[in-house]
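Working notes, beginning with the structure itself.
The values are calculated or read from the model by the stated rules, or taken from the named source; none is laboratory data. Quick caveat, the model's predicted, so the values are computed rather than measured. Because the Cβ atoms are built from the backbone with ideal geometry, glycine has one as well, and the counts that use them run over all protein chains shown.
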Amino acid sequence: MTIYSFDLDPVSLSIDLSVGHIAELNIRDGQRTLSALHRASWVDDPDAVFPDATPPNVKRLSGDFFCAPFGRNDVEEGPSHGWPANSAWDHVGTSRQDDRLTESFRLQRRVMGATVEKRITLIAGHPFVYQEHSFSGGAGAISAAHHVMVHMADGGDLAFSPKQGAWTPPEALETDPKRGRSILAYPAHTEDLTSFPLADSGMADLTVYPIGQSHEDFLTLVEAPARSLGWTVVNRKAENDRIFILRRPEILPVTMLWMSNGGRDYAPWSGSHTGVLGIEDARASPLGHADSCRDNELNRRGIPTAFLLDNARRITLRQIIGACGEQPGEGVCKQLYEEGSGLSLKFHNGGTRTLKYDPFFLAE
């Protein structure tokens, strides 16, 4: 394992080069330092025991990682979520320009023949991580996703850019009650995120987390048409802060939510992986690489689920992760919008606040 760390006030982060995960992300906000992303407890436990065939991305489960493909790896031989989430990266360069610091990394393996690169930029005074992943060359189709994970000690409220609806896949994550539990209905669909069907009847409000006790669930949110900015806000109660994830919907048109709240009883989860929400912005089918490349439920709706690689082409995906503390009187953040050279936050009480932000990063 090799950890590569860098910082530019107010952000400091570390990359676990053995798997390409963000191992730690801290953002200074006044006198506070916000620990924005989740890191599984077993990562730092030298005595952790893993079942045979546990993939590296689970053993090193941290922060955010890049999936290519997303989920089941059933076209090109490799582990779930692909080599970018499971194998080594090299640090290949540092660039400093004015108030910006950019660190560049390259995956040691190729994906469908493509070279995969990661570039992370920090900007002085900005409480955001600007990250880019790219495929150069290759052949065939590849799905891809970010895999941001946030931990909430006492739950929180969620807000999203407008969605067409939410869908669960044909089967639950956990179908054997001896191993774990899922509580949503599978398959199911709703256009109202505050009312998603539960397996035992009743409804779950997807804008509040957690939706229940001791469960492992997964669903896909599809962006509403003609949106220029896709976003998720996680308002964390105990931490008294909020986490932001932003991307371009035409590049990454779906957001998959992984709800990991003590619903897996087998190692390494062992019922103790609780309060974790995965926010997985993607161009992918939730059913894996092969399904992403063929006719499927999403692309029949006009939602692309894969990128087409080409030896003469470079494909770039960009995403922004940020955080800020909650100030007195603000309450829940319900909306984000770009305004000039800032990102404006709108709260449930009608108040607003603007953070330093680069509106050109996602537009390039």
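Some points to look at:
- Applying the criterion of at least 2 residues that are among the hydroxyl-bearing types (Ser, Thr, Tyr) to the strands (runs of 3 or more DSSP E) found wholly in segment 311-364 leaves 352-356.
- For SER292: the one exception among (1) surrounded by fewer than 22 Cβ atoms within 10 Å (Cβ to Cβ); (2) hydroxyl-bearing (Ser, Thr, Tyr); (3) not in a loop (DSSP other than H, G, I, E, B): (1)
- The strands (runs of 3 or more DSSP E) falling completely within segment 1-100 that include 1 or more residues that are under 20 Å from ARG119 (Cα atoms) and in contact with a helix residue (DSSP H, G or I) (Cβ under 8 Å, 6 or more places away or on another chain) map to 21-29.
- GLY140 meets the conditions (1) surrounded by fewer than 20 Cβ atoms within 10 Å (Cβ to Cβ); (2) more than 27 Å from TRP258 (Cβ to Cβ) in every case but one. The failed one is (2).
- Note on segment 190-220: among residues that are β-branched (Val, Ile, Thr) and assigned to a strand (DSSP E or B), the one that is farthest from TRP258 (Cα to Cα) is THR190.
- Within segment 124-137, the only residue that satisfies the criterion of being among the aliphatic types (A, V, I, L, M) and buried (at least 21 other Cβ atoms within 10 Å of the Cβ) is VAL129.
- Among (1) surrounded by 13 or more Cβ atoms within 10 Å (Cβ to Cβ); (2) more than 22 Å from the chain's Cα centre (by Cα) - the single one ASN349 does not satisfy: (1)
- Residues being outside any strand (DSSP E or B) and either modelled with pLDDT under 95 or under 18 Å from the mean Cα position of the chain (by Cα) (or both) - total across segment 241-288: 14
- Segment 46-91, subset more than 20 Å from GLN319 (Cβ to Cβ) and aliphatic (A, V, I, L, M), residue surrounded by the fewest Cβ atoms within 10 Å (Cβ to Cβ): ALA53
- Here SER12 fulfils each of the conditions (1) at positive phi; (2) more than 16 Å from the chain's Cα centre (by Cα) apart from (1).
- Restricting segment 199-240 to residues that are at pLDDT 95 or above, of a type in the set (A, V, I, L, M) and over 18 Å from the mean Cα position of the chain (by Cα), the residue that is surrounded by the most Cβ atoms within 10 Å (Cβ to Cβ): ALA204
- Scanning segment 29-61 for residues that are charged (D, E, K, R) and in contact (Cβ under 8 Å) with a residue 12 or more places away in the chain turns up ASP29, ARG32, ARG39, LYS59, ARG60.
- Of all residue pairs spaced 6 or more apart or on separate chains, those with beta-carbon atoms under 9 Å, a first member in segment 157-178 that is over 16 Å from THR190 (Cβ atoms) and in contact (Cβ under 8 Å) with a residue 60 or more places away in the chain and a second member that is among the β-branched types (Val, Ile, Thr) and assigned to a strand (DSSP E or B) are ASP157/VAL208; ASP157/VAL233; ASP157/VAL234; ALA159/THR232; ALA159/VAL233; ALA159/VAL234; SER161/THR232; SER161/THR255.
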